[in-house]
Each structure stands twice: as structure tokens, then as C-alpha cells.
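Below is one structure, written out as C-alpha cells, with a few remarks after it.
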Amino acid sequence: EIKKVLQNIHYLWVKSSSQKRSSLLWCFKNKTRKSEIFSTKKDKTIKHEDFLKKLDITYCYYDQTRKILGNTYGICVLEDFEAISPNILARVIETIEGGGIIIFMIETVNSIENLRKVSLNVHKNWNSHVFSKITSRFIKNFIFSLSDCATFLHLNEDITNFSKNLKLINSGKIEKIHLNITSERKKKLFRELIDNTINMEPLSSLLAKTKTFDQARALLTFTETISNKNFNSTVILTSARGRGKSAVIGLSAAAAISYGLSNIVVTAANPENLNCFFAFLFIGLKILNYIEGKDFEVIQNSKLKNIDTVIVNVTHHQTIKFIPFAEIEEKKSQIELLIIDEAALIPYKELEKLDGAFLIFMSSTTSGYEGTGREFTLKLVENLKRKYFVENHNFNSYKKRVLKEMMLEEPIRYSSGDPVESWLNSFLYLDSINSPNLISGCPDPRICQLFLVDRNSLFSFHKIAKQFLQRIMTVFSSSHYRNSPDDLQLLADAPSHRILVLTSPLTFVANFLPDILSAIHFSYEGQISRVYMERNLINEKFSTGDLLPWIVSTHFQDSSFGELSGIRIIRITTQPDVQDMGYGTRAIELLKKFCIDKKRNLSLKFNNLNDDQKILCALLIDLEERYQPSIDYIGVSFSISPKLLCFWLKNGFSLILVKSKREIYWKQTICVMIRLFSKSNKESFYWTDFFQKEFLKEFLSLCSMDFKYLSTNIIFNIIESC
């Protein structure tokens, strides 16, 4: 039946326009599911099999969707709805061209309302030892959001008189679609730019591969910087998803080869981010009439399974080599051009340290599934401007470093203001770029209040709730944490997770939302039986949902820690305009007070810590109206840095663990800090002093080996804290 429906939709799609249509993308959960759908029986389905054979179809599993980036498809069929995550949804929709069709195949759902009962696969990873009940708020929001998509259709099989027909259940409001006037002006400028550079080879051939005026202008800027041979230049390219950023960087690398640069280094936090870059690098080399195997060769890294080096031997020996960012400092004397793709995945403090007589090209996604927070644009760019300004006005400085900024705004596969892209950005809050102005200014932190956000109300799709959720996501995306659309689903559905917001003093005015000064995302952990812990530690099986208990118990081989009840702070962020003013410290202080204070007026009607009530309550709940939880500690795990370490030490947290294991592609040291509350039961808390002594002994022995790259500031702070 799926094949028959697809054949009918494809027929209507082809007949709707004379334009040449792109290939079809078909996504599945796994290989088993694909075999079930395409198992051919000797009946009427044979003609549908013949129809599928005539189409150019790309089959893809959801865990391999990174491989389709950079490609363009006309129709996308998404099977196994329960396996689709927000990240996968954003990644797949980006590859569909304007005028294309995205089809969600849901076989077992008779009504769109029944989608609320669908259990998503990701829910299995969020069940902790204590919290196991899932409330599908994300699916509910997905259903409500479809009404905002102007080009949405809901079709259902209508079985009457032994015949099956597709019945229209619901559709979007097509009158909401508006044409973007500026796109026509940019198309005219794009044609003029191509015509004016037609005799400038190889630039004109490379520009012919661009799709928009923004892309062409960016490639022209990169090429101009390379041709000037000013090796004290930094060029930063930012864009949302689907603007062709990696394509421009790849074509720019080909231009650098044509201009004779010998040592080009490309890096990223993850080599998978470079698939599109290398694809367009090879397109650029073919434009230069270079033949693989004769003029250049590609060397694969068999261990990491990615492209390691491209060697070009035409005029002289030239290399384009991937190097992990952690090794850049050691080899920067050999670099002529350094290309950093998805730079926002790398801490901005490390990017600031990059300095030398070589070109630096950075690219980063500002919004979309690769958007990793606005700290890249908020802090890095501003700090580089300030740094270069001081250096360039220093009379003792012999070098003048130049900083250029570019931004791609035009989509390459669909028009600006595309209704599907607008729906996706609105639904997943991918366009949380500009922070709202703080109406209350900068109030004294001592008068600010900490509230628990009721998630049922927050994800109710109410107009005010949507605005407040937008503000929360804006605050989270402005932090140093790696953000992803999957975080929205985690906030909505994970049973042990909660959201706290520090707001300015409330004023009871209609249509007024308080300013969010700071936000905390935390989860409840622990309360795991010792027998269960010991059995899993012996078998080396660790359940999901309780990060700190398993990390600490595994490292120190002590199962008693899992019995304690704790809170793990996942993220704490402050509005960019009021950072370093004490609001984060105030939020931590109020959270600690809530966990410690035992003086409660029990005559009040308290709500339990669970937030699965069917009746919507207030969006913001005063902590005084909640039962005091039985909490033994507050913990936090983060990538160690001097500023973060000092912040948590200042708030009374003790360092008990620093993991010496580094990530494959990026040098990172993870530490665990604990804030203990009560020592009434001394037997349960013997581990505090013991763990710290054991950790300090281990840390001092590894300072000359695994921790030799840590700064002296961090090392002395660690030793002093123990």
C-alpha cells in the first residue's frame, strides 16, 4: 500500500510542473524495516515494484543521515515515525528542494490525535532507575505545530465499498505564503556578478558552481584574500543551515590550490562535519582539470574512516590535510591556510589563541541542527575585533592582522521565507538568534526569584507559553554548551529533568512576561539499590539516566554512592547582557537553600515534584509551593576551564574526579564536582574525604603525563581545592 500511495503522489508531483525533478530519498529505521517494506510478493505489487525501479531512489538509515548532507532531493519518504529525532528531521528537511514533498508514513495511526500515544525510540534512553514514566509533550507540540505549516496536508485511507481512497483530513493555510521581494534583486546581482567575472579563470568556473549571490560573494572574498597573499588575515563565515557554507569553503580550498598554496590544513571537532567540504573540494579540482590518480590522490584514514590527506602534484607538491584541532598548535609553523569548519563546536577560548603567519578561514552554523550556541558570534567575533584592534594600533607590532566577516542568508535549495523551513525553525526554535531586551534592566540579584517551570504548561502550545519557551531556548543557546534540536525533546519528555528560571521581581501586569536572567536545566539522579549497582558494575553494564552515580561508582569502585539522592546540573546559563553580575551565583544559592531548608508550612497545599498532572497549572511555580526533596548532594560535570572551575569552587562545590581520558578528535578534560548538604548520617558520607584524597593522589601522579597540557592556574586551583 505504501508503494501504491507513493506512486499516486509522485504522478501528481511530476504533472504539477514541467521542471526536471530530482531524485527520491527514502529513510528507514534499520535494515530489517527496509526488508519488510520491500519484500516482493507475486501479486499486484509487482507493477509498483516496476515503478520504483524506474526512479532514482537513495535509501538511507536514520543513523546514517550525515551522508546525505550536500545532496538535493525532490521527495522524501520518512518511515518509522517513532525513530525520528528532531536532529534527524532538521537534517533531512534541509536536503529537500523547493516544490518538493516530505511524506511521513504512519501505518498504525488511524487519527492524527493518536500520535500522542506513540512511544518514541529515544524515550528508552531517558528512563532512570527511579523515573520511568514518560509524558509525550514533544509529540503533542509536533501535532499542534503542523497547523502552522502553510503547505501541510493530512491524508488518511478511506475504506468504502471494498475500495481504498485517500481522504483529505486537514490542510494548512496556503494564503499565509508570501513572496520575498529581495530575492529577485539578489538574483539580478548574482547574474551580473557571473557576467562580470566570465573572463577571470579559474574564478569564473568556480563561481559558476555557486547557487546564490551570497555564496558567490563569499567565494569572491575568500579568493581575494588568498590572492593578496596577506598571511595575517582571518575570515569568518556564518550562516543558518542549508545556505551552502561548506560548499563555499570547499571551493575556496580548490582556489587556494590554483593560487599555489602548498600546506593547507583543515580541521573540525568531528571529521564527519567535513564530508560536504571534501565533496566540493573535489568538484573544484575537477574544474581545474585535475584528474584523480594522475594529478591528485586521496588518502583515507583507515582507523577513523575519513579522508586524511589530498595530495596534488601538478606544478609542485601541495597537500590538503585533516589535523585534529588539538594538534594545530604543534604544527602551525608549517601551515599556510587553516580552515576550521563548524568552529562553534570548539571552545572560543581555544580559537582566540590561534595566531601565526597563516590565513585562517572559519565557518560556523548560527542556527539549525549544527547550531552549537551563539557564543561563537557573541564572544569570539567581538573578542577578535578587540584583540586585532589593540595589536594593529601597537607601534611595536610588526604585523597587522585583518578580520573579515561574512554571512550567508539565501537558501540554496528553496526560496527565502520557505513555509516548510519557517515551520521547522518555529517548531524547533532554531532561529533563537536575538535576545529580547531586558525590560527590568539589571535588578539586584538579592531580590530576584527562582521559579520551577511547569513543563505541561510550557509545552502546551499556548501563545504565552511559546513566547516563554522561546526565551528559555534563547538563553540556553547563548551559552558555552553544545546545543542541538534534540535538547528540546529532552527538556519536554525526559521524566527526571526539570527547568528553573531566575527572573526579575514579578509585576502582575497583563500580557507581561518576566525577564529571564538565568536558567538552570537539571535532572534527579541516584536512589539506586546497592545490589543493582554491584551487579551492573561486575558485568560492566550501565543504565542510562543516572550519569554521576555510574561515573563516580565506576571510578572509585564503590556502589554505595548510587544509593544517595542527588541533583545533576546539566546547564546553567545567564543572559549575555548581564553575565558576570552574580545572577548565576544567586540561582545556585536559591537552589541550595531549597534543598537544605526544612522549615516548611505544611498547612499549604503542596505539589509533588512530579509534573505529570493532566490539568494545566501556572507556568511558573514558586519553590515554596513544592515539597522539599530528599537531596543529599548537588553535582555537576563539565569540561574544565579556569573560569568554570573558579565559579563552582566559589559556590561551595568540591572536586572529586577529573577524567584523564580525552576525546578522539578534541582534547577535553571532564571533571565532576559535588556539593554535599548533610552529614547527619556519617556512614553514608565517609566517601567525601576519602574520594578527594584518592583523587588528589591520582591527579598528582598523572600531572606529568595525562594532565601535562593543563594550565598552571587550573592545576594549582585543583590542588588547593582538595
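The values are calculated or read from the model by the stated rules, or taken from the named source; none is laboratory data. Being a predicted model, the structure only gives us computed values, none of them experimental. In this analysis, Cβ positions are derived from the backbone assuming ideal geometry, glycine residues included, and neighbour counts consider all displayed protein chains. Side chains are part of the model used for accessible areas, which takes the heavy atoms of the whole protein and leaves out ligands, DNA and RNA. Shrake-Rupley method; radii C 1.70, N 1.55, O 1.52, S 1.80 Å.
Between a first residue in region 57-76 that is farther than 14 Å from Arg241 by Cβ and surrounded by 15 or more Cβ atoms within 10 Å (Cβ to Cβ) and a second residue that is modelled with pLDDT under 85 and of a type in the set (Phe, Trp, Tyr), which pairs have beta carbons less than 8 Å apart while being 6 or more apart in sequence or on different chains?
Listed by first residue and then by second, the contacts come to Gly74/Trp13; Ile75/Trp13.
What residue, among those in region 628-638 that are among the hydroxyl-bearing types (Ser, Thr, Tyr) and at pLDDT 85 or above, is farthest from Lys659 (Cα to Cα)?
Out of the qualifying residues, it is Tyr633.
Which of the residues that make up region 530-556 are in a loop (DSSP other than H, G, I, E, B) and either open to solvent by less than 10 Å² (accessible area, probe 1.4 Å) or touching a His at 6+ places or on another chain (Cβ under 8 Å) (or both)? Steps first, answer last, please.
Going residue by residue through region 530-556, those that are in a loop (DSSP other than H, G, I, E, B) are 540-546.
Selection gives Ser543, Gly545, Asp546.
Quick one: would you say Ile226 is at pLDDT below 90, of a type outside the set (Phe, Trp, Tyr) and over 25 Å from Tyr414 (Cβ atoms)? Write out each step before concluding.
Numbers: at pLDDT below 90: no; of a type outside the set (Phe, Trp, Tyr): yes; over 25 Å from Tyr414 (Cβ atoms): yes.
No, not satisfied.
Output the number of residues of region 689-722 satisfying the condition of being open to solvent by 40 Å² or more (accessible area, probe 1.4 Å) and part of a loop (DSSP other than H, G, I, E, B).
Of the residues in that region, 7 qualify.
Being outside any loop (DSSP other than H, G, I, E, B), modelled with pLDDT of 90 or more and among the acidic types (Asp, Glu), is that true of even one residue in region 579-599?
Checked region 579-599: at least one residue is outside any loop (DSSP other than H, G, I, E, B), modelled with pLDDT of 90 or more and among the acidic types (Asp, Glu).
Please pick out the residue among Pro347, Pro324 that is within 30 Å of Asn425 (Cβ to Cβ), within 30 Å of the chain's Cα centre (by Cα) and of a type outside the set (A, V, I, L, M).
Checking each option against the conditions leaves just Pro347.
It is to be established whether one or more residues within region 15-33 are within 13 Å of Leu55 (Cα to Cα), part of a helix (DSSP H, G or I) and at pLDDT 70 or above.
no
May I ask you to verify whether Glu405 is open to solvent by 10 Å² or more (accessible area, probe 1.4 Å) and at pLDDT below 85?
No: the conditions fail for Glu405.
I'd like to know if region 77-86 contains one or more residues that are modelled with pLDDT under 75 and either open to solvent by less than 20 Å² (accessible area, probe 1.4 Å) or touching a Gly at 6+ places or on another chain (Cβ under 8 Å) (or both). Talk me through it step by step, then tell me what you get.
Narrowing region 77-86 to residues modelled with pLDDT under 75: none.
There is no residue in region 77-86 that is modelled with pLDDT under 75 and either open to solvent by less than 20 Å² (accessible area, probe 1.4 Å) or touching a Gly at 6+ places or on another chain (Cβ under 8 Å) (or both).
In the set Ser440, Ser435, Ser397, Ser479, which member is at pLDDT below 80, of a type in the set (S, T, N, Q), touching an Asp or Glu at 6+ places or on another chain (Cβ under 6 Å) and closer than 24 Å to Gly582 by Cβ?
The conditions single out Ser440.
Please find, among Phe451, Phe468, Phe508, the residue that is modelled with pLDDT of 90 or more and either open to solvent by 40 Å² or more (accessible area, probe 1.4 Å) or within 24 Å of the chain's Cα centre (by Cα) (or both).
On the way: Phe451 fails: either open to solvent by 40 Å² or more (accessible area, probe 1.4 Å) or within 24 Å of the chain's Cα centre (by Cα) (or both); Phe508 fails: modelled with pLDDT of 90 or more.
Of Phe451, Phe468, Phe508, the one residue that is modelled with pLDDT of 90 or more and either open to solvent by 40 Å² or more (accessible area, probe 1.4 Å) or within 24 Å of the chain's Cα centre (by Cα) (or both) is Phe468.
Return the residues of region 477-492 that are assigned to a helix (DSSP H, G or I) and more than 16 Å from Leu452 (Cα to Cα); say none if nothing qualifies.
Result: Ser477, Asp486, Asp487, Leu488, Gln489, Leu490.
Considering only region 87-117, state which residues are open to solvent by less than 20 Å² (accessible area, probe 1.4 Å), part of a loop (DSSP other than H, G, I, E, B) and modelled with pLDDT under 85.
None; the set is empty.
Please work out if Glu370 is at pLDDT below 75 and within 30 Å of Thr72 (Cβ to Cβ).
Yes: the conditions hold for Glu370.
Residue check: is Ile68 β-branched (Val, Ile, Thr), farther than 17 Å from Phe138 by Cα and within 18 Å of the chain's Cα centre (by Cα)?
yes
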